[in-house]
1. What residue, among those in the stretch 336-381 that are of a type in the set (Asp, Glu) and assigned to a helix (DSSP H, G or I), is nearest to Lys91 (Cα to Cα)?
2. Sort out which residues of the stretch 41-61 are exposed (fewer than 15 other Cβ atoms within 10 Å of the Cβ), assigned to a loop (DSSP other than H, G, I, E, B) and not hydrophobic (A, V, I, L, M, F, W, C), and write them in order of number.
3. Give the residue that is nearest to the chain's Cα centre (by Cα), with candidates limited to residues of the stretch 166-191 that are over 23 Å from Val106 (Cβ atoms) and crowded, with 24+ Cβ neighbours inside 10 Å.
4. Does Leu418 satisfy the condition of being closer than 30 Å to Asp94 by Cβ and surrounded by fewer than 20 Cβ atoms within 10 Å (Cβ to Cβ)?
5. Do we have Ile183 as out of contact with any helix residue (DSSP H, G or I) (no Cβ under 7 Å at 6 or more places or on another chain), modelled with pLDDT of 95 or more and among the β-branched types (Val, Ile, Thr) here?
6. Among the residues of the stretch 279-317, which ones are in a strand (DSSP E or B), touching a residue at least 60 places away in the same chain (Cβ under 8 Å) and surrounded by fewer than 22 Cβ atoms within 10 Å (Cβ to Cβ)?
7. Would you call Glu90 closer than 26 Å to Gln197 by Cα and either in a helix (DSSP H, G or I) or in contact with a Cys (Cβ under 9 Å, 6 or more places away or on another chain) (or both)?
8. Can you say whether Ala370 is closer than 19 Å to Phe270 by Cα and in contact with a strand residue (DSSP E or B) (Cβ under 6 Å, 6 or more places away or on another chain), as far as the supplied structure shows?
Amino acid sequence: MKTTKKIVLNENDMPREWYNIVADMHTKPMPPLHPVTKQPLAPADLEPIFAKELIKQEVSSERWIEIPEEVRDLYRIYRPTPLVRASGLEKALDTPAKIYFKNESVSPVGSHKLNSAIPQAYYNKIEGITSITTETGAGQWGSAMSVACQHFGINLQVFMVKISYEQKPYRKSVMNTYGANVIASPSNLTEVGRRMQQQFPGTNGSLGMAISEAMELAMKDEKTKYTLGSVLNHVTLHQTIIGLEAEKQMEIAGDYPDVVIGCFGGGSNFSGIAFPFLRHKLTEGKDIRLIAVEPASCPKLTRGKFLYDYGDTEGFTPLLPMYTLGHNFEPAEIHAGGLRYHGAGTLVSQLRKDGLIEAEAIKQNETFEAGVLFARAEGIVPAPESTHAIAMTIREALKAKEEGKERVILFNLSGHGLIDMAAYDKYLSGSLSNYEVSDAEIEKSLAGLK
């Protein structure tokens, strides 16, 4: 492990506004549709589900949106997060590339998810909401909402995808410690949960199913709202604080990235690191590549179709224009639970459709190989989700070595993997499987969608 160079901002340098990429998109995203009428959605249609201020952000086309001071005060607990020159990884790869990573694992919950959980809980609190329901894949989002809701005195019910509930028991313990109630999804607590267990016997669950359960509870109680940890515009908005800080830090380092990389589930951390840099490409013609990296077992950006589809299995959510594998798609039992989602966010989908971002799919064993190499070179055990970004970074660094060219690579270390060691045990023992979805499975899941 070689000494790394850490670039730290003063808390006074923390951004005061989030960046909304909609303002600069050449092709604006198509509107979401009402799940029943199939007509363009009105903001009022979302009020039974989301806090009003979050709805405003969801439909906004303003370039900059102010971060409330109370949110900034809570951000100061762990932000600004460090930018690190990964000199140990550079040495291990013997590459001429310069590699930097934004270390979001330093947050109290060990991931970037708190960047959106804090403002979402804040906006619900000032609206007088007393209870929130949500879903979680691997548990990072549930943990983040647990912390945020505890701070603002809001009750939280978390539906955790069943396979992750079983694979990652300590994630449940973390959420319980912070005061949340956690239940495996699909459950017997909701009508839709019971229906899904009958429809899909022995199911391991999916984020789509967990979203349906959480939304059902929210729609039944006017004092309960729903929150989502990825996909939606207001979530990616909150996460841009990552890239906005990284811009300043790269300037201090005297470098500018040729390539920006993030792992991809629904789009929150990729958008967070990438959108502020994509702004330079959209408004200044900057030559920069932005790569979203997804699991080969859940390849919506690389093998899905751009269609209107539901964000959940039951069809409670609006129909969103997105790259999707179909809302009934049930991903394989990979350990990167946060990436097991059938669809991509609307903004990322439109940018992908327009050729402004790239996407790659990587198999599970390659990602863990990358994670182990990174841990040995840099001293941080990355989350299984983050290993996808690391694997792509290694590919790009080795490509630079082959070409004999210097290349500046920036990736987002979206979280640490210290509660994911069972997955590393499987990899190190040689018992971790590679999953790759077949064309037939994708076609079957997409059947019926237009």
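1. By that ranking, first place goes to Glu378.
2. Glu47, Ser61
3. In this case the residue turns out to be Ser185.
4. Criteria met by Leu418.
5. Yes, satisfied.
6. Initial filter on the stretch 279-317 (in a strand (DSSP E or B)): 289-295, 305-310.
Filter again for touching a residue at least 60 places away in the same chain (Cβ under 8 Å), leaving 289-295, 305, 307-310.
Within the stretch 279-317, Arg289, Lys305, Leu307, Tyr308 meet the criteria.
7. Judged against the criteria, Glu90 is not a match.
8. Answer is no for this residue.
The values are calculated or read from the model by the stated rules, or taken from the named source; none is laboratory data. In this text the structure is predicted, and so the values were computed from the model without any measurement. Counting neighbours? That spans all protein chains shown, and the Cβs are built from the backbone with ideal geometry, glycine included.
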